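Down below is the structure, laid out as structure tokens.
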Amino acid sequence: MRSAIIFLILMLVLITPAGAQFENAQKASIKAVAVTSGDQPTGVVINISVIVTPGDGRVFVSTTPYTEIDMQGSAQLAAITACDLLGIDFTKYDFFYTIEAEAPIVGGPSAGGVMTVATIAALKNLSIRDDVYMTGMIYPDGYIGPVGGLKYKLEAAAKNGAKIFLIPQGQRITYVEEKKVRRVGIISYIEVEYQELDLVEYGKQIGVNVYEVATINDALKFFTGFEIKHPEGQFNIGSYSTILKKLADRMKSSLDEISATNDDAEKLIEKANQYYNEGKYYTATSTYFQAKILKRYEEYRNKIITAQQFDEEVEKIQNEIDQMKNYLSEESVGVNSLQIIAAAQERVAEAENLLEDAKNARTDDEALQNLAYAKERVESAKVWLSILPDLKNDYEVSPEVLKRRAEFYVTEASSLLIYASSLNGNEYLINEGFDSLETAKRLLSEGLYAGAAFMALNSITDASLSIEVTYGKIDDKVQGAREAAMVAISEAEKSLFPVLPAAYFEYAENLDNPYVKLMYYKLSMRLAKLLSLMVSSGGVKELVHAEFNPYTYSTPSSGKSTIERVIETPGFEGLAAAISITVAAIAVRRR
């Protein structure tokens, strides 16, 4: 009797509809295309479903059959990106993705775009057209990135009733691999040739309209008839001049504490004075800081001669670091003061890393350089703390809330770095991201939660950029990041005084290197969003009906493919003409 009851209970569980297993669930389904694995790849349609429930930022993935590359990274990035684009707090939801295919497929990033569209549709209860198909990876900023296997995927979509097929911008012209067997005597040679293929024209031949799309918002209009309405954010950097001027004044006056100097330091001071006179106070502060490192290094070269003197200076700096950490761990954190405390905690942690580098250096010169940098990192933390009294009058943030937020960002950074590594993202940025992640973990373990959260955001930014800067037009990304930062800061201003995001924004405005500009705009945007989330003022984005006819749509284009050559091989390996990012182009530490 007992066995029969257990059997009936199990049967009831098994026949319960999937949607009924979730409370307050929102669901969307979408079709995507992939390429089968094996020697003779073909296109295949896959079914993707996403269920969104109230939760705490977890992402679950089920694939049938198992893909060659884990889909977890694509799913996590799709969920985070959808929430970012909508202005929704990712940590308030759980996401369940089901990916089903008829045959083993090459996994990876090519379904990231459609997964993001489906996630937005689930979050906003939108209907998805079943005659629209798309392929394209998703960048963390909402742009759609290039993929391979487009001819196979287009053919699969056509066979399954597609009327519209969306491809990443710049991939209309692709190249298809053709193998020919040539006999010479009794020996057969296989020759490989690449034939140019216009996907738009090929689509017409098989009854499908092919369009290039640049962003998720472009794709969302095709799939749902809706688009995300982005507010036009404006903020006045002059509003922060008074407090940023105090930073610059404090950093400038501290230069006098070091008597030693050199020509390079003097040139930097002259440049910093120019920025100061132009009212670009944080850029001046950063430039004074660079000059101080050179002056300190020159001072150490003159006075540190013996190993004992070196050890004494190391011990002195370590004591300063310990004192600062004790003070920062006891200081209460408010909505406004959070950014100042975090900036100080970050800099103290970096000073500790640099001090360790100094002790393990291979040459005396390298040791003194790292020692000088460590010393000035501690001093820069003091400079930031000097403006803390200007931001003290605000509401206190619960340490437990801040800890949970820091833990989430650490987890997100770890996932994004692993995903970026699987996509062969920029190696230098990935390494920088892992270094920042380790520092964030250490700060988290020491109870310095504000610094841990901000350091994890640095890691997330590095991971995102390692993917974004590898492909696509950098100028478009810089402008998009600038606009996003302005919106984020203007929204944060509704309930707080986001001086650190504003400072990073000003610094980005005065940089020449587009990659470093992109980094600081992204940091500015992410920090502003974090501050907004702490007071729930980020603002959920409004969806509006798109004034849009898909059959008159055209992608603005220079007339030339932005991806010079994409070989039609399965998955992601066929991408070529990636932009090479040198260490010199990125190697600017955060000021």
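Since every read-out is calculated from the coordinates, none of them should be taken as a lab result. Note that the coordinates shown come from a computational prediction; the quantities given were computed from them, not determined experimentally. As a convention, Cβ positions derive from the backbone with ideal geometry for all residues, glycine included, and neighbour counts pool all protein chains shown.
Numbers at a glance
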item	result
Karplus (6.51, -1.76, 1.60) ³J(HN,Hα), θ = phi - 60°, over the range 247-262, in Hz, Gly and Pro reported as x	4, 4, 4, 5, 5, 5, 5, 6, 4, 5, 6, 10, 7, 5, 7, 8
Rounded, prolate or oblate (a/c below 1.5 giving rounded, otherwise prolate when a/b exceeds b/c) for the range 436-487 by Cα gyration tensor	oblate
Theoretical gain in end-to-end length, ASP394 to LYS303 [0.36 nm per residue, Cα-Cα removed]	28.3 nm
Residues of type lysines that LYS92 reaches as a straight line, Cα spacing below 24 Å, ignoring anything fewer than 8 places off in the same chain	LYS27, LYS124, LYS229, LYS403, LYS441, LYS494, LYS522, LYS529, LYS541
Inter-site label distance for SER259 and SER332 at 7 Å from Cα along Cβ, in nm	4.5
Residue exposure sequence - LYS204, LYS477 - by fewest surrounding Cβ within 10 Å	LYS204, LYS477
Relative exposure of VAL397, VAL61, VAL50, judged by other C-beta atoms within 10 Å (fewest first)	VAL61, VAL397, VAL50
Nearby lysines by direct alpha-carbon distance to LYS316 (threshold 24 angstrom, same-chain neighbours under 8 apart not counted)	LYS252, LYS292, LYS295, LYS303, LYS325, LYS359, LYS375, LYS382
With eigenvalues of the C-alpha gyration tensor scaled by 5 and rooted, the range 192-331, Å	55, 24, 20
Order of THR411, THR63 under a 10 Å beta carbon neighbour criterion, fewest first	THR411, THR63
Rounded, prolate or oblate (a/c below 1.5 giving rounded, otherwise prolate when a/b exceeds b/c) for the range 302-461 by Cα gyration tensor	oblate
Length gained when the stretch ASN431-THR411 is fully extended (0.36 nm per residue, less Cα-Cα span)	5.5 nm
Other-chain or far-sequence residues with amide H under 5 Å of ASN209's (modelled H)	ILE164, PHE165
